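Report on one structure; see the data block that follows.
Here, each number is a calculation from the coordinates, and none is a lab measurement. It should be emphasised that the depicted structure is a prediction, and the values quoted were computed from it without experimental measurement. Virtual Cβ from ideal backbone geometry, glycine too; neighbours counted across all protein chains shown.
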């Protein structure tokens, strides 16, 4: 992990990461829509994009939604505001999973947000994503907030959005 660095991404890094993610999912057009949303949120300053870089290449990321006045958090009641930030899009490239990189990034995010006077972090996870639930519980996201339905982009442009059940949790920092 000597060549691993966590930082807040600038626009060029964000754009490159999304181009890489789109290339990793060539048959799934939803990634293009997610990139559009990310750039919009970056320009609004409503989201902080944190990335972990290994040898200069982004391998993991998490987004912190920090401004409740923007409508970019689904089911946002109780998830953002009042010194609570909402984390989304947490992921690590497959070949770097289970090596501690994502955990190190989350600890960096926690410290940065605490320095910005946030006291709690929330996130959502689908009940079927057992591995992700285990990771988030291990990282301290054990306080249940609520369950709600979210709409995700489907994989092809002609597809209807997908409805999924999401459980929301928080941790104090």
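Neighbour counts of other C-beta atoms within 10 Å: give me 137, 53, 4 arranged from fewest to most.
The fewest-first ordering by Cβ neighbours comes to 137, 4, 53.
Placing one identical point scatterer on every Cα of the chain and ignoring solvent, what is log10 I(q)/I(0) from the Debye formula at q = 0.10, 0.17 Å⁻¹?
-0.36, -1.18
If you consider only alpha-carbon coordinates, what radius of gyration and Dmax does the range 77-143 have, in Å?
When restricted to the Cα atoms of the range 77-143, Rg and Dmax are 12.4, 37 Å.
Enter the Cα centre distance for the pair the range 105-136 and the range 28-49, rounded to the nearest angstrom.
For the range 105-136 versus the range 28-49, the Cα centre distance is 19 Å.
Output the Kirkwood hydrodynamic radius of the range 1-92, Cα pairs only, in Å rounded to one decimal.
Result for the range 1-92, one decimal place: 13.9 Å.
Which FRET efficiency value, to the nearest 0.05, is calculated for residue 57 and residue 162 with the Förster distance at 41 angstrom and r the Cβ-Cβ distance?
With a Förster radius of 41 Å, E is 0.85.
Compute the relative contact order of the chain as a whole-number percentage, counting only Cα pairs closer than 8 Å that sit 6 or more residues apart in sequence.
So the answer I get is 20 percent.
If I model a spin label as a point 7 Å beyond the Cα along the Cα-Cβ vector, how far apart are those points for residue 36 and residue 77 in nm?
The two pseudo-label positions are separated by 2.9 nm.
Determine the percent antiparallel among the DSSP beta bridges restricted to the chain, to the nearest 5.
Antiparallel bridges make up about 90 percent of those DSSP assigns within the chain.
Would you mind computing, in nm to one decimal, how far apart the modelled labels at residue 98 and residue 28 are, each placed 7 Å from Cα along Cα→Cβ?
For the pair residue 98/residue 28, the computed spacing is 2.0 nm.
Take 17, 7, 131 and order them by how many other Cβ atoms sit within 10 Å, fewest up front.
Neighbour counts put them in this order, fewest first: 131, 7, 17.
Before rounding to the nearest 500, sum -39500 (n - 2.57) across all DSSP H runs of length at least 4 in the chain and divide by the residue total; then give [θ] at 222 nm in deg cm²/dmol.
Counting only the DSSP helices, I get -10000 deg cm²/dmol.
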